[in-house]
Amino acid sequence: MKKTIIINDVKTLKSGVSNGRNWTLYAVIDEEGNKYTTFSGKYLDMIGKKVEIEYEASEKEYNGKKYVDYKIVNKNVNSKEIEILNLLKEIKEGVDAILFHLENDTNNKVQ
């Protein structure tokens, strides 16, 4: 599933070593409080940014309680590409806001 979210926070859940390699499990928390797990640290630099994620949902059980685990599926897009896409979205939003204000100023002067 795909979803556009604003990253509210990124927390470290666990870290360790496996097969001689360090790993860290993160929780990416969106503006609605939803948590998505990932091993990618690229989201640490994206707090406050709007990003599109692709995720899978699976039902899990822990201590006899069922819950849904949302796991980010890492696409083959590097963090620099994501940063550029976010900057382009911000520029577009800024241009749209300027155009909106220019249109309103023009309409107010004509009346």
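Can you tell me which residue is surrounded by the most Cβ atoms within 10 Å (Cβ to Cβ) among those in segment 20-42 that are aliphatic (A, V, I, L, M) and touching an Asp or Glu at 6+ places or on another chain (Cβ under 9 Å)?
Applying the first criterion (aliphatic (A, V, I, L, M)) to segment 20-42 yields 25, 27-29.
Then drop every residue that is not touching an Asp or Glu at 6+ places or on another chain (Cβ under 9 Å), which leaves 27-29.
Working: Ala27: 17, Val28: 26, Ile29: 18.
The extreme case among them is Val28.
Pairs only if they're at least six apart or on different chains, beta carbon under 6 angstrom, first in segment 1-22 and within 16 Å of Tyr43 (Cβ to Cβ), second assigned to a loop (DSSP other than H, G, I, E, B); list them, first residue then second.
From residues that are within 16 Å of Tyr43 (Cβ to Cβ), the pairs are Ile6/Glu31; Ile7/Ile47; Ile7/Lys49; Asn8/Glu31.
Among the residues of segment 43-54, is any outside any strand (DSSP E or B), in contact with a helix residue (DSSP H, G or I) (Cβ under 6 Å, 6 or more places away or on another chain), surrounded by 12 or more Cβ atoms within 10 Å (Cβ to Cβ) and modelled with pLDDT of 90 or more?
Step one: of segment 43-54, the residues outside any strand (DSSP E or B) are 43-49.
Okay, now just the ones that are also in contact with a helix residue (DSSP H, G or I) (Cβ under 6 Å, 6 or more places away or on another chain), so 49.
Imposing the further condition that a residue be surrounded by 12 or more Cβ atoms within 10 Å (Cβ to Cβ) reduces the set to 49.
Retained after the next criterion (residues that are modelled with pLDDT of 90 or more): 49.
Scanning segment 43-54, I find at least one residue that is outside any strand (DSSP E or B), in contact with a helix residue (DSSP H, G or I) (Cβ under 6 Å, 6 or more places away or on another chain), surrounded by 12 or more Cβ atoms within 10 Å (Cβ to Cβ) and modelled with pLDDT of 90 or more, so the answer is yes.
Read through the list (1) touching a Phe, Trp or Tyr at 6+ places or on another chain (Cβ under 9 Å); (2) surrounded by 14 or more Cβ atoms within 10 Å (Cβ to Cβ), then give the number of the only condition that Gly16 fails.
Answer for Gly16: the failing condition is (2).
Quick check, is Leu88 assigned to a helix (DSSP H, G or I), surrounded by 12 or more Cβ atoms within 10 Å (Cβ to Cβ) and not acidic (Asp, Glu)? Explain how you work it out, then say what you get.
Details: assigned to a helix (DSSP H, G or I): yes; surrounded by 12 or more Cβ atoms within 10 Å (Cβ to Cβ): no; not acidic (Asp, Glu): yes.
So Leu88 does not fit the description; no.
Considering only residues that are under 21 Å from Ser15 (Cα atoms) and hydrophobic (A, V, I, L, M, F, W, C), look in segment 29-51 and name the one that is farthest from the chain's Cα centre (by Cα).
Phe39
Among the residues of segment 36-91, how many are farther than 17 Å from Lys2 by Cβ, among the acidic types (Asp, Glu) and not assigned by TED's automatic domain parsing to the domain that holds Asn22?
Residues in segment 36-91 being farther than 17 Å from Lys2 by Cβ, among the acidic types (Asp, Glu) and not assigned by TED's automatic domain parsing to the domain that holds Asn22: 2 in total.
Taking segment 21-31 as the region of interest, how many residues are under 14 Å from Ile5 (Cβ atoms) and either at pLDDT below 95 or aliphatic (A, V, I, L, M) (or both)?
3
Pairs needed: first member in segment 25-49, at positive phi; second member anywhere, in a helix (DSSP H, G or I); C-beta distance under 6 Å; at least 6 residues apart or different chains.
Every condition considered, no pair remains.
The values are calculated or read from the model by the stated rules, or taken from the named source; none is laboratory data. Computed from a predicted structure; not experimentally measured. All Cβ positions, glycine included, derive from the backbone under ideal geometry; neighbour counts span all protein chains shown.
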